[in-house]
Amino acid sequence: MKVMVIGGGGREHAVIRKLRENPEITELYALPGNGGMAEDATCVPIGAKDIPGITAFAKEKRIDYAVVTPDDPLVLGCVDALEAAGVPCFGPRAKAAIIEGSKVFAKNLMKKYGIPTAAYETFDRLEDALRYLETAPVPTVIKADGLALGKGVIIAQTREEAVTAVTEMMQGRKFGASGERVVIEEYLEGPEVSVLSFTDGKTLVPMVSSMDHKRALDGDRGLNTGGMGTIAPNPYYTPEIAERCMREIFLPTIAAMNAEGRTFQGCLYFGLMLTKNGPKVIEYNCRFGDPETQVVLPLLESDLFTVMRAVTEGRLAETEVRFSDRHACCVILASEGYPGSYEKGFPISIPAEVRNSVYVAGAKLIPSESESGAADTLVTSGGRVLGCVATADSLENAIRDAYAVADRVSFSNAYCRRDIGRRALEAGA
Ligand code: AMP
Ligand code: GLY
């Protein structure tokens, strides 16, 4: 079978590696992929948002199945377009992807169906938002309505910060149209847990839980990033909490989406905060998390392609989805300076013996100029360059092994946090 994966980051590399375990897949394409995954898939230079280009490629190659991974193409209707062209897909249609595409939609859905989340108000006029802030408690949380590369959330410690954030979003258009509407919500406290799930709209199967590390620096200091590392499972997510989340959050969410005529099929990601008043939804994502996927999929023992097709065909209830009881850790090697400005173009060295433990995100291949058949050079091309992943029988060993991989990989301005998983270990994994 010919399969294509839309996207080009470390998450997509993890999906591709897992798909390759299925011998039925004879051709595997990544659109656009990146130079670091060229040994695992044929990379095709078609951008993840180029929906006409993606659809034309699928028709030309007679693609049998597509996995649409990033938020933008999902929200823009990539699955709808591919399905119309006769290509079955893993991923929600645009109608359902709105659960991530609009925070106002997500918040209103939770309010309407009684799904626990932070209390909130939504605003589409700056004056109204500013008036509300005059009496709102601080800290307070300001969120741009639409997609903002994970940067559209501001935790304002003071009223002045809140006023600046709202003004920048709504008047300064810091996030373009995404900030035309904002959500202002209650500040919650507690450990955060990411739970990815497979759902065909009828059955929902949670994957192993994970913990992201969003801040750039050790000790959870510095700027928010796309994620500097992950561990799985998340020790805060006990079986009792999992059961409560299933009852109060997961099943009510798929039922709510069905009731709205927006059946969700694909990977539904629950960003949860375990508050003293119970688990609450911080955010929904309509896709696999990055870098959560890099620790969750290595623990999946069932065949990913089989599970994905069962989701597409509404057969998830009768399909086994089994995870190992091992632990996983992913340490991101980033370009020094990320998420601010950084230099790129540095050659990356990944020794062959750790190649299978590395998921490449921000790298490209520079073709060799010699005619002697010398290998192409992989160089850095992004902020988060690659993830170093290990699984082991304990969290402690998974962390040790992931750092051992990271220490074997090198490029000039590599930076990583040194404390991925430390908080989880202290929580008593
Ligand atoms: P999001 O992009 O929605 O995942 O938000 C980014 C981060 O902001 C989350 O991972 C949380 O750490 C934090 N955050 C979002 N909403 C809240 C909230 N209501 N209270 C406290 N922290 C929040
Ligand atoms: N790691 C968080 C996300 O994928 O949104």
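The values are calculated or read from the model by the stated rules, or taken from the named source; none is laboratory data. Worth saying up front: this structure is predicted, and the values here are computed from it rather than measured. Glycine also receives a Cβ, built like all others from the backbone with ideal geometry; neighbour counts cover every protein chain displayed.
Summed over the stretch 221-251, the residues that are without any contact (Cβ under 8 Å) to a residue 24 or more places away in the chain and closer than 28 Å to Tyr338 by Cα give a count of 2. When you go through (1) within 13 Å of ligand 1 (Cβ to nearest atom); (2) of a type outside the set (Phe, Trp, Tyr); (3) farther than 23 Å from Val75 by Cβ one by one for Ala129, which number turns out not to apply? That leaves (1) as the condition not met. Scanning the stretch 71-93 for residues that are of a type in the set (Val, Ile, Thr) and closer than 21 Å to Leu304 by Cβ turns up Val79, Val87. Listed by first and then second residue, the pairs linking a residue in the stretch 162-188 that is farther than 21 Å from Lys111 by Cα to a residue that is crowded, with 16+ Cβ neighbours inside 10 Å and among the polar types (S, T, N, Q), with Cβ atoms under 8 Å apart and 6 or more places separating them unless they lie on different chains, are Ala162/Thr140. Check the stretch 364-381 and report whether any residue there is out of contact with any Ser or Thr (no Cβ under 6 Å at 6 or more places or on another chain), crowded, with 20+ Cβ neighbours inside 10 Å and within 20 Å of Asp220 (Cα to Cα). Within the stretch 364-381, none of the residues are out of contact with any Ser or Thr (no Cβ under 6 Å at 6 or more places or on another chain), crowded, with 20+ Cβ neighbours inside 10 Å and within 20 Å of Asp220 (Cα to Cα). Going by what's in this entry, would Ala136 be described as among the aliphatic types (A, V, I, L, M), touching a Ser or Thr at 6+ places or on another chain (Cβ under 6 Å) and either modelled with pLDDT of 90 or more or surrounded by fewer than 21 Cβ atoms within 10 Å (Cβ to Cβ) (or both)? In short, no. Looking only at residues of the stretch 210-239 that are away from ligand 1 (no atom under 15 Å from the Cβ) and closer than 16 Å to Gly289 by Cα, we find that the one that is farthest from the chain's Cα centre (by Cα) is Pro233. Here Ala38 meets the list (1) surrounded by 18 or more Cβ atoms within 10 Å (Cβ to Cβ); (2) touching a residue at least 40 places away in the same chain (Cβ under 8 Å) almost entirely, failing just condition (1). The strands (runs of 3 or more DSSP E) falling completely within the stretch 160-209 that include 2 or more residues that are among the acidic types (Asp, Glu) and within 25 Å of the chain's Cα centre (by Cα) map to 182-186.
If the requirement is being more than 30 Å from Gly261 (Cβ to Cβ), surrounded by fewer than 21 Cβ atoms within 10 Å (Cβ to Cβ), away from ligand 2 (no atom under 16 Å from the Cβ) and acidic (Asp, Glu), which of these qualifies: Glu83, Glu121, Glu127? Can you show your working first?
On the way: Glu83 fails: more than 30 Å from Gly261 (Cβ to Cβ); Glu121 fails: more than 30 Å from Gly261 (Cβ to Cβ).
Going through Glu83, Glu121, Glu127 in turn, the sole match is Glu127.
When you check Ile420 against the structure, is it under 29 Å from Met207 (Cβ atoms), crowded, with 23+ Cβ neighbours inside 10 Å and of a type in the set (Val, Ile, Thr), yes or no? So Ile420 passes the test. A single entry from Glu39, Glu24 fulfils the requirement of being out of contact with any Leu (no Cβ under 9 Å at 6 or more places or on another chain) and at pLDDT below 95: Glu39.
Residue by residue through the stretch 89-106, note down the ones that are surrounded by fewer than 24 Cβ atoms within 10 Å (Cβ to Cβ) and more than 30 Å from Ala58 (Cβ to Cβ). Once the filter is applied, which keeps residues that are surrounded by fewer than 24 Cβ atoms within 10 Å (Cβ to Cβ) and more than 30 Å from Ala58 (Cβ to Cβ), the stretch 89-106 yields only Val104.
For the stretch 283-317, the set of residues classified as over 19 Å from Ile231 (Cα atoms) and among the aliphatic types (A, V, I, L, M) consists of Leu304, Val307, Met308, Ala310, Val311, Leu316, Ala317, listed by residue number.
Evaluate the following for Glu318: is it free of Cβ contacts under 8 Å to residues at least 12 places away in the same chain and more than 16 Å from Pro233 (Cβ to Cβ)? Judged against the criteria, Glu318 is a match.
Would you pick out the residues in the stretch 284-308 that are under 17 Å from Ala242 (Cα atoms) and either within 16 Å of ligand 1 (Cβ to nearest atom) or at pLDDT below 95 (or both)? Explain how you work it out, then say what you get.
The first filter runs over the stretch 284-308 and keeps only residues under 17 Å from Ala242 (Cα atoms), leaving 284, 296.
Correct list: Tyr284 only.
Please count how many residues of the stretch 67-99 are over 18 Å from Phe270 (Cβ atoms), of a type in the set (Gly, Ala, Ser) and not in a loop (DSSP other than H, G, I, E, B). Total satisfying the criteria: 3.
Taking the criterion of being surrounded by 15 or more Cβ atoms within 10 Å (Cβ to Cβ) and not small (Gly, Ala, Ser), the residues of the stretch 225-240 that qualify are Thr225, Met228, Thr230, Ile231, Pro233, Asn234, Pro235, Tyr236, Tyr237.
Just one of Lys107, Lys95 is among the basic types (Lys, Arg), more than 18 Å from the chain's Cα centre (by Cα) and more than 24 Å from Asn277 (Cα to Cα); which is it?
Working: Lys107 fails: more than 24 Å from Asn277 (Cα to Cα).
Result: Lys95 is the single residue among Lys107, Lys95 that is among the basic types (Lys, Arg), more than 18 Å from the chain's Cα centre (by Cα) and more than 24 Å from Asn277 (Cα to Cα).
Which count do you get for residues in the stretch 246-297 that are β-branched (Val, Ile, Thr), away from ligand 2 (no atom under 16 Å from the Cβ) and in contact with a Lys or Arg (Cβ under 9 Å, 6 or more places away or on another chain)? The total comes to 3.
Looking at this structure, is Glu21 of a type in the set (D, E, K, R), within 21 Å of Ala85 (Cα to Cα) and more than 18 Å from the chain's Cα centre (by Cα)? So Glu21 does not fit the description; no. Summed over the stretch 179-195, residues that are out of contact with any Lys or Arg (no Cβ under 9 Å at 6 or more places or on another chain) and within 16 Å of ligand 2 (Cβ to nearest atom) total 3.
One residue is enough: does the stretch 241-250 have a residue meeting the conditions under 22 Å from Gly146 (Cβ atoms), of a type outside the set (Phe, Trp, Tyr), surrounded by fewer than 22 Cβ atoms within 10 Å (Cβ to Cβ) and within 16 Å of ligand 1 (Cβ to nearest atom)?
Going through the stretch 241-250, the residues under 22 Å from Gly146 (Cβ atoms) turn out to be none.
For the stretch 241-250, residues under 22 Å from Gly146 (Cβ atoms), of a type outside the set (Phe, Trp, Tyr), surrounded by fewer than 22 Cβ atoms within 10 Å (Cβ to Cβ) and within 16 Å of ligand 1 (Cβ to nearest atom): absent.
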